[in-house]
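A single structure is presented below for examination.
The values are calculated or read from the model by the stated rules, or taken from the named source; none is laboratory data. Bear in mind that the values here come from a model prediction, so they are computed numbers and not experimental data. Cβ placement follows ideal geometry from the backbone for every residue including glycine, while neighbour counts extend to all protein chains displayed. The area values use the complete protein model at the heavy-atom level, side chains included, leaving out ligands, DNA and RNA. Shrake-Rupley method; radii C 1.70, N 1.55, O 1.52, S 1.80 Å.
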Amino acid sequence: MPKKKAKQVMRLPLIPLRGLMVFPHMVLHFDVGRARSVAALEQAMMEDQRVFLVAQKDGDIEEPKMEDLCRVGTVAQIKQVLNLPGDSIRVLVEGEHRAILKTIVEEDPYWVADAEVPSQELPDSPEVQALVRTTHELFEEYARASMRVSGETLRSVGEVDRPDQLADIIAANVLTRVEDRQAILEEIDVEKRLETLCGILVRESELAAIEKQVQSRLKKQIDKNQKDYYLREQIKAIQEELGDKDATDVEDLRKRIAETPLNEEAREKASRELDRLSRMAPGTPEIGVSRTYVEWILDLPWGEYTTDNLDLKRARRVLDEDHYAMEKVKERVIEYLAVRKMKEMNTQDGAMKGPILCFVGPPGVGKTSIVRGIARAVGRKFVQMSLGGVRDEAEIRGHRRTYIGAIPGRIIAGIKQAGTMNPVFLFDEIDKMSSDFRGDPASAMLEVLDAEQNFAFRDHYLELPFDLSRVMFITTANSKDTIPGPLLDRMEVIEVPSYTEEEKLHIAKKHLLPKQTLEHGLPPKSVKVSDAAMRHLIEGYTREAGVRTLSRTIARVVRKAAVEMLEEDKQQVSVNPHVVEKYLGAPRFLRDMPEKEPKVGVVNGLAYTAVGGETLAVECAVMQGTGQVQLTGQLGDVMKESARAALSWVRAHSEEFKLDQEFHKNLDIHIHVPEGAVPKDGPSAGVTMATALVSALTGRKVRQDVAMTGEITLRGRVLPIGGVKEKLLAAYRAGITTILLPKENKKDLEDVPAHVLSQFRIFTAEEIGDVLKVALSPEEE
């Protein structure tokens, strides 16, 4: 029969414990510092030296209440009290038995509590004996797994057979978690207490085994790292002794890799290549290749961005300082800055992809130089890459590292040169790329100029993703015709037209003359050129869409002026048209001014060339013959086809013009377009040749103050053409007063300067009949 202790209630001074607990039969010393705890200890010493010890749930509470204390504590006998410096007392106690906290009777000047000592059965059944044996075995297994139990504790536990004491002594000496120890203390039933302890020991044994594996693995790793470090230091010392600097280079590169904000793939590749470099024997040719590769990666401006200057007024001022006109280009830059500013104001991340622009226009109009102005206005670094004659794809993407002397492409090289990830990057002359057996660089440009792909551009040499999405890519071209369609589709095309005479005059006076005066060492404003002289320069000595030749011609004038100033001891030279001819000789270009009187078979046409617009006279002569048609003046295939289409239309309408039905058999027709040495092509002279044919065949005169342009069909429809602005500027210079345009080109008149439009009477035509009504003189009765 199990022994049973009677249940009783004791009123004892109470001491709350923080971070520890006392089990029955356990001897423990602890320090007492709180005033109430010291008073409770003194009261217990005056009585029977018994005190009730209960653990706090939260050790941070200074004045615990009933709900802050655990349910079960220990009644202990005070064995020794020692006063310590600083009003603290160290007390030695021995636990006697468990007790349940019923209520706190007093709180001042110390805690007094009623503690119920539960009745305890001391079971002696086979189940309990089996639990005792299992507990011993699990405890020994835990001791082996954790290696934290001393031999003395093992022997002490092995000598305990009483089931109620066994659980308490193991919990007091082995368990570390306060929750586990409190759970054992609160279990009144001995059999359940042992079962709870067994479960805790199984769990702790498993955790100890896992912890042991982790510690073993960490120890191996630490040992390996220490070994690597020791060997690396030895190698470093040996190489320094031998005078080899590679070791210090590797450490410097390793430090740079740690400090550079590389992306994950770049960091992995750079580290792997550096490890390979560190293992190479001195003098190996591969050392230079590996070091160059790592240095290229680290020299790129990872995470470096310049801050855009978003002041729109300043940007306008900077763009206007160096370039006159070019309004579409300037407006596009201002729009970009405005959007950047709005995005920065209204979103957390103000970053946005850079625009990809293409400036198309004739040579010398300032396409390349305006890009430098854009970089200055936005506040970004500027990089230029000329694509003229580039035919190797490796120029764009770089060479693979398998080749000797491989280097990255010029895009990555340009980014390195800029030192930021968001420069203004100019691809100059993109229409002049070519392809051969080495690849097609235009196809390689597709990825670079695609905003949806260039955030992870991969150079063949680096084989790493590099973000180009924040770069402002700008390309220039003289013609869209030679740019591949897919590449053109990726760019926002902005037409840069040729300059008018008025614009050239302004540019020459404001920019070119001061620049040439400064470059030739003359004092500012020492060479004064009148407006009439400058117009004479523009008209008689240059014929171009841009101002390059004009700049060189002004330079000649300045040099002549410098000679005159020195020889005649002048401080200033004034240049008029007479002085221009004295300096430069007779004018090189004389414009064919239109005839005053109407002529038969001579029609003024308008043409668009690489250097701007031109007027050309189409001449048609009819003579007796066998029906031959001659086309002269170096005409291209398209222009010849336009002449044949015009002739077919005239034949189809011969009755309307009272022509002989057989005229095409009895007459020879000769169409000539001077100047004969200049190649010409395009469909826009169709209406001009049709008008010349009708005039020559009918004998009706053509007004010479009229100029026309437009494509003709077999049905006589007039189709739209390009280059309207340039053609009207040519007519303006030639003194034309009446213009005939296709009706669908009426919208293009918006781009023509107002002072030019004011000189013309403009007629639009849908069919050739509308043209003939205006161009031909009335029939004589």
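Of 707, 572, 284, which is farthest on the positive side of the dipole of the chain, counting Cα position, with +1 on Lys and Arg Cβ, -1 on Asp and Glu Cβ, and the Cα centre as origin?
Of the candidates, 572 comes out farthest on the positive side.
Given the protein chains as shown and a 1.4 Å probe, how many square angstrom of residue 345 are accessible, to the nearest 10?
Surface open to solvent at residue 345 totals about 130 Å².
Per-residue ellipticity at 222 nm for the chain, helices alone: DSSP H runs ≥ 4 residues times -39500 (n - 2.57), over residue total, nearest 500 deg cm²/dmol?
Computed ellipticity for the chain at 222 nm equals -13500 deg cm²/dmol.
Continuing with the same structure: Near residue 645, within a Cβ-to-Cβ distance under 14 Å, what is the net charge of the other residues, with Lys and Arg +1 and Asp and Glu -1?
Taking every other residue near residue 645 into account, the sum is +1.
Hey, another quick one. Place a point 7 Å from the Cα of residue 116 along the Cα-to-Cβ direction; which residues of region 58-79 have their backbone N under 15 Å from it?
Of the residues in region 58-79, 71-73 have backbone N under 15 Å from the label point off residue 116.
Kirkwood Rh and Cα-based Rg: tell me the resulting Rg over Rh for region 69-154, rounded to two decimals. Walk me through the intermediate numbers first.
Values: Rg = 19.2 Å, Rh = 17.3 Å.
Computed over Cα atoms, the ratio is 1.11.
Further question on the same structure: Given charges of +1 on the Cβ of Lys and Arg and -1 on the Cβ of Asp and Glu, with all other atoms neutral, how large is the dipole of region 585-675 about its Cα centre, in debye to the nearest 20?
Dipole about the Cα centre, nearest 20: 140 debye.
Need the C-alpha centroid separation for region 253-292 versus region 341-388, integer Å.
Here the two parts' Cα centres lie 35 Å apart.
Could you compute the net charge surrounding residue 767? Neighbours are other residues with a C-beta less than 10 Å from the C-beta of residue 767; K and R count +1, D and E count -1.
Working: positive: 715, 717, 743; negative: 766, 770.
Residues close to residue 767 contribute a combined charge of +1.
Right, here's the next one. Can you pull the Kirkwood radius for region 519-675, inverse mean 1/r over Cα pairs, to one decimal in Å?
About 19.8 Å for region 519-675.
Which distance in nm do the two modelled labels at residue 556 and residue 224 give, with both placed 7 Å along the Cα-to-Cβ direction?
That separation, rounded to one decimal, is 7.9 nm.
Same structure, new question: Report the paramagnetic label zone for residue 638: residues of region 729-768 whose backbone N is under 19 Å from a point 7 Å from Cα along the Cα-to-Cβ axis.
741-746, 748
I've got another one for you. Residue-wise, which Karplus ³J(HN,Hα) couplings in Hz belong to region 106-114, taking 6.51 cos²θ - 1.76 cosθ + 1.60, θ = phi - 60°, and x for glycine or proline?
10, 10, 10, x, 8, 7, 10, 10, 8
Name the residue from 296, 513, 156 whose Cα lies farthest towards the positive end of the charge dipole of the chain, charges +1 on Cβ of Lys and Arg and -1 on Cβ of Asp and Glu.
Selected residue: 513.
Gain in length, residue 520 to residue 681, computed as 0.36 nm per residue apart minus the alpha-carbon separation, to one decimal in nm?
53.8 nm
Here's something else I'd like to know. Would you mind classifying region 682-774 by shape? Square roots of the alpha carbon gyration tensor eigenvalues, ordered a ≥ b ≥ c; an a/c under 1.5 is rounded, otherwise it is prolate if a/b is larger than b/c and oblate if not.
oblate
Under Stokes-Einstein, with the Kirkwood radius over Cα pairs standing in for Rh, what whole-number D in µm²/s applies to the chain at 25 °C and 0.890 mPa s?
66
Now, a different point. Can you tell me the 0 to 90 degree angle between the C-alpha axis of helix 163-173 and the longest principal axis of the chain, rounded to 10?
Value to nearest ten degrees: 50.
Which order do the peptides 489-497, 425-433, 545-553 take when ranked by the mean count of other beta-carbon atoms within 10 Å per residue, highest first?
Taking the mean over residues of other Cβ atoms within 10 Å, the ranking is 425-433, 545-553, 489-497.
Of 229, 324, which has the most accessible area and how do the rest follow, probe 1.4 Å?
Numbers: 229 135, 324 80 Å².
Of 229, 324, the descending order of accessible area is 229, 324.
Residue by residue through region 265-270, what is 3J(HN,Hα) from phi via Karplus (6.51 cos²θ - 1.76 cosθ + 1.60, θ = phi - 60°)? Round to whole Hz and write x for glycine and proline.
Here the 3J(HN,Hα) series is 5, 5, 5, 5, 5, 5 Hz.
For a protection proxy built on the mean count of beta-carbon atoms within 10 angstrom, sort 156-163, 681-688 highest first, please. Present the calculation step by step, with values, prior to reporting the outcome.
Values: 156-163: 14.1, 681-688: 25.4.
Highest to lowest by the protection proxy: 681-688, 156-163.
Also, quick follow-up: Separation between the residue 66 and residue 621 pseudo-spin-labels, each 7 Å from Cα along Cα→Cβ, expressed in nm?
With each label placed 7 Å out from Cα toward Cβ, I get 13.1 nm.
While we're on this one: With the full set of protein chains in place, find how many percent of the accessible area of the chain is carbon and sulfur; take the probe as 1.4 Å.
50
Beta carbons within 10 angstrom, averaged per residue: use that to sort the peptides 713-725, 207-219, highest first.
Highest mean packing first, the order is 713-725, 207-219.
Kindly work out what percent of the DSSP beta bridges joining two residues of the chain are antiparallel, to the nearest 5.
Roughly 60 percent of the DSSP beta bridges within the chain come out antiparallel.
Still on this structure: Report the gain in length on full extension from residue 495 to residue 312: 0.36 nm times residue separation, minus Cα-Cα distance, nm rounded to one decimal.
Result for the pair: 63.6 nm of gain on full extension.
Oh, and also: If amide hydrogens are placed 1.01 Å from N in the peptide plane, which non-local residues have theirs closer than 5 Å to the one on residue 667?
Sorted by chain and number, the residues that satisfy this are 625, 627.
Another question about this same structure. Using only Cα atoms, find the angle between the long axis of helix 190-242 and the longest principal axis of the chain, and express it within 0 to 90 degrees, rounded to the nearest 10.
With both axes taken from Cα atoms, the answer is about 50 degrees.
Net charge near residue 474: determine it from the other residues with C-beta under 12 Å of the C-beta of residue 474, scoring Lys and Arg +1 and Asp and Glu -1.
Local charge sum for residue 474: +2.
Next question, about the same structure. GluC sites (Glu not before Pro) within region 31-67: which are DSSP loop residues with at most 15 other Cβ atoms inside 10 Å?
47, 62
Hey, another quick one. Can you tell me how much longer the chain between residue 251 and residue 549 gets when fully stretched, taken as 0.36 nm per residue apart minus their C-alpha distance, in nm with one decimal?
Using 0.36 nm per residue and subtracting the Cα-Cα distance, I get 101.6 nm.
Any idea what angle helix 637-652 forms with the longest principal axis of the chain, computed on alpha-carbon atoms, 0 to 90 degrees, nearest 10?
Tilt relative to the chain: about 60 degrees.
When the Karplus curve 6.51 cos²θ - 1.76 cosθ + 1.60 is applied with θ = phi - 60°, which whole-Hz ³J(HN,Hα) does each residue of region 470-482 get, with x for Gly and Pro?
Per residue, the Karplus-derived 3J(HN,Hα) values read 8, 6, 8, 8, 10, 10, 10, 7, 8, 8, 7, 4, 8 Hz.
How big, on average over all directions, is the shadow cast by the Cα convex hull of region 348-478, in nm²?
Taking the Cα atoms of region 348-478, their convex hull projects to 8.7 nm² on average.
Here's a follow-up. Rounded to the nearest 20 Debye, what is the dipole magnitude of the chain about its Cα centre when Lys and Arg each give +1 and Asp and Glu each give -1 at the C-beta?
Roughly 2560 debye for the chain.
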